[in-house]
Every structure is written in structure tokens, then in C-alpha cells.
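Reviewing the structure listed below.
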Amino acid sequence: MRKLIWIMLAFIVMQACEQKRETYNIEVQLEGAEGKWIRLMAREDRNYVTYDSSYAEAGSPAVLTKGIEGVNTMYLTMDDADGSIQLLVDNSSYTLSGSIEDPEIKTDSKAQNDLNAYNDMKKPISEKMSGLVAELRKGPDPENPLRSDSLREAYYALYEKVAKMDSIYIEENPSSFATVLALRGTFYTLNVEELEAALTRLDAPLQEMEEYAYMYGKMERMKAVAIGQKYTDFGLDTPEGEFLKVSDVHQGNVLLIDFWASWCGPCRQANPEVVEIYNTYHEKGFDILGVSLDRDSASWVQAIADDQLTWQHISDLKYWNSEGAELYGVPAIPHTVLIDREGIISAKNLHG
């Protein structure tokens, strides 16, 4: 009986210690870390800022310790490193060894262990994709001009395989913290109903993550501008500095709102096709309003000229914080919204 009491007391003490933990403890023993600053980076408005840092003395690991609320996606890196290690950080203990390219992460954090298992599942395909990217970066092979096309096809085939794996993982693991990250990377392919169903399935602790809040906010905005709803008006400045609203351009036409940016490769690749559509149908009552997510006015104006985008354009040069993109819940670009003559949203994310 006395032995049982001691066991119960030990369990209670362990539970109390766990409840009192108010900081994380990250011990870094990565290859090449000696004599370098180790930094834990957080994302704020799509920018990376240092949340915590520690200097790795020779012969001893760097240790980062600080209090944090909830589960947070962060990135650990060090001086002169090309990459970083994605971590799900809460007030738990972590030990990182190996290399920054191939780390071994031991932890008592459920969130991080979920992410470790998820990454292990995808590792074979991720390594193949990295190998293909490395080959493509070497440039075309003069003796085999079709090799690059073959490598791209292989890469995109693996990309589709990863997307399918993510979809299955999201469906089957509603209690895994890694599910939130997998959904964050693919939610822009879902319509409002699909996204709402995916978010609703997630367990309550996962719904406290910043990524969940971000996707939920996008979903709510997407509902307000869903197909079948009347379009929401907004206005921004033209390249000439004049304020122009969606309603100023619509005027009973069929209107395509085209969210894009000069720095967006897929947008620029799609522009010749958009130009052809505009030239074909403009005289019949079709118009386009370009809404740019640029930050630099000169780059925006130059892209308009280079791609011969002769329709009207607006932007507040706030990048992803663009008022128009926020209002329409734009998750990725290029993104299009088609408005009919009566002002009803009839289609979204059209191509070709």
C-alpha cells in the first residue's frame, strides 16, 4: 500500500512540474554550429524576425530558453546557413543534432513529434525533389536539350504525389499539429465549403494555432465574396495616383478582377493569355481590373508596360497586406474573380 502511495505522489509531482513549465529549452548541437549565433525566427506579416538567439561556444551546445504562448511555427538557423529547420515550438524541451539540412530532433513536445512523423513520411519524396531541383539548377544540357523537360516532368509528378499525400494526411489526422501546417500549404486549392469542412474536423488544440486563425479568417472573407454573392466594392490608387474603384470599371460590363504582381512568376507567365482574352472580348463589353500585390511602384509600372497590360490597374503597394487582397480573401496569386453584368460574382480562379 505504501509503495502505491509513493507512486501516486511521484505521478502528482510530475504532473505539477509539467503544469509549471513556463519556458521552452532548445539545446542545439548541430554540425558547424561552434562559434556561430543560433537564431530562432518567427514570421510576422510574411517577414522573418528573431524571436530568440544564443551563441554556440566551442565545446558546448547553444541553449535557447524563453517563455511562449501556445504552439508556434518557428525556424531555427545559424550564421552562414543556407537553410533552416522548421520547428513547432511550445514550452517543451528540444535537442537538435545532426546537420541543419538533415537534423535529428528529440523532444517531449507532442506538436513537434507530430511534425517529425509527418516529415519522416514525406522524406523519401522530398529528397528526390531536392535532387531534381539541384539538377535543374545546373542549366540545360547542350548534348541533351530534352533533359530539362524530363526533369521538370518528374518534379511535377512528385509534387502532385506530395499534394495527394497531404490531402490524405489532413483527412486522417485531425489531432496532429502537422495537419495544420499541411493544410496551410494547400488550402488555397479548396473552395469555401471544402476549407470549412477541413477546419471543422481539426481538434480543439489545433484551432489555437496562428495558421488556423489565418485560414479561418481567409474562409470568412471568402464567404463574403463567394460565387453567387454581389461583388464587394473597393478602391485603390492607379499608377498615376488617381483613386479608382471596382464600381468605376464595372459599369454594367463583365469584369475580371485580376490579382497579380510583377514578382509573381506564374502571373507573368499567364499574362499573354490574359492579354489575348482581353483583346478578343473587350469590344463586346468585357473589362479587366488589375490589382497588384507589389511593393515597388517602378517594378509594377514596368511589368504593366513589358507585358502590354492595357487595361486599368490599381494597388496600395502593400504586398500581401493589400486591402483588395484582404477583402477578397486572396490566398495565392494569380487569383481572378469574374463579375457578371448584374454585379454578381459568377466564377473565381479562372485559367484560360
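In the stretch 296-347 the Cα-Cα distances spread across 10 Å bins starting at 0 as 19, 45, 32, 3 percent of all pairs.
Does anyone have the angle between helix 210-224 and the longest principal axis of the chain? Alpha-carbon axes, 0 to 90°, nearest 10? Approximately 30 degrees, to the nearest 10. Of the trypsin sites (Lys or Arg not before Pro) in the stretch 53-154, the ones in a loop by DSSP (not H, G, I, E or B) with at most 12 other beta carbons within 10 Å are Arg137, Lys138. Compute the angle between helix 192-201 and the longest alpha-carbon principal axis of the chain, please, reported from 0 to 90 degrees and rounded to the nearest 10. Result, in degrees: 10. Specify whether the C-alpha gyration tensor of the stretch 121-279 places it in the rounded, prolate or oblate class, a ≥ b ≥ c being the square roots of the eigenvalues: rounded for a/c under 1.5, otherwise prolate if a/b is larger than b/c and oblate if not. Judged from the Cα gyration tensor, the stretch 121-279 comes out oblate (a/c at least 1.5, b/c at or above a/b). Cross-linked pairs Lys218/Lys245; Lys138/Lys161; Lys66/Lys318; Lys164/Lys230: Cα-Cα separations exceed 29 Å for Lys66/Lys318; Lys164/Lys230. All Cα-Cα separations within the stretch 138-211 were binned at 10 Å from zero, giving a P(r) of 17, 38, 18, 15, 9, 1, each value a whole percent of the pairs. Loop-resident GluC sites (Glu not before Pro) (DSSP state other than H, G, I, E or B) in the stretch 107-214 with no more than 16 further Cβ atoms inside 10 Å of their Cβ: Glu143.
Taking the square roots of five times each eigenvalue of the Cα gyration tensor of the stretch 32-160, the equivalent ellipsoid has semi-axes of 33, 18, 14 Å, listed largest first. Using θ = phi - 60° in the Karplus curve 6.51 cos²θ - 1.76 cosθ + 1.60, the 3J(HN,Hα) couplings for the stretch 317-327 round to 6, 10, 6, 6, 8, 3, 4, x, 5, 4, 4 Hz; x is entered for Gly and Pro. Against the chain, whose longest principal axis comes from its Cα atoms, helix 265-281 is set at around 20 degrees. What residue among Ala325, Leu132, Pro266 has its Cα farthest toward the positive end of the dipole of the chain, where the charges are +1 on Lys, Arg and -1 on Asp, Glu, each on the Cβ? The listed residue farthest towards the positive side: Leu132. Averaged per residue, the stretch 131-236 has 58 square angstrom of accessible surface, using a 1.4 angstrom probe with ligands and nucleic acids left out.
For the chain, the fraction of 1.4 Å probe accessible surface lying on carbon and sulfur atoms is 51 percent. A Gaussian network model of the chain, with springs between Cα atoms under 10 Å, assigns the largest mean-square fluctuation among Ile277, Ile339, Ile227 to Ile277. Taking amide H positions as placed in the peptide plane 1.01 Å from N, state which residues far from Lys66 in sequence (5 or more) or on other chains have amide H under 5 Å from it. Amide H to amide H, under 5 Å and 5 or more residues apart or across chains, Lys66 pairs with Tyr24.
What is the chain by shape, rounded, prolate or oblate, if you read a ≥ b ≥ c off the alpha carbon gyration tensor as root eigenvalues and call it rounded for a/c under 1.5, prolate for a/b larger than b/c, and oblate otherwise?
Working: a/c = 2.21, a/b = 1.71, b/c = 1.29.
Taking the square roots of the gyration eigenvalues as a ≥ b ≥ c, the chain is prolate.
Taking label positions 7 Å along the Cα-Cβ direction at both Val162 and Arg46, the computed distance is 2.0 nm, reported to one decimal.
Annotation: amide H-H contacts under 5 Å for Asn72 (H modelled 1.01 Å from N, sequence separation of 5 or more, or interchain): Val89, Asp90.
Of all the options Asp141, Asp90, Asp294, the one that moves most in a Gaussian network model of the chain with Cα springs shorter than 10 angstrom is Asp141.
The values are calculated or read from the model by the stated rules, or taken from the named source; none is laboratory data. Model, not experiment: these values are computed from the prediction. Don't worry about glycine lacking a Cβ; one is built from the backbone with ideal geometry, like all the others, and counts go over all protein chains shown. To get the accessible areas, we keep the full protein, side chains included, count just its heavy atoms, and leave off ligands, DNA and RNA. Shrake-Rupley method; radii C 1.70, N 1.55, O 1.52, S 1.80 Å.
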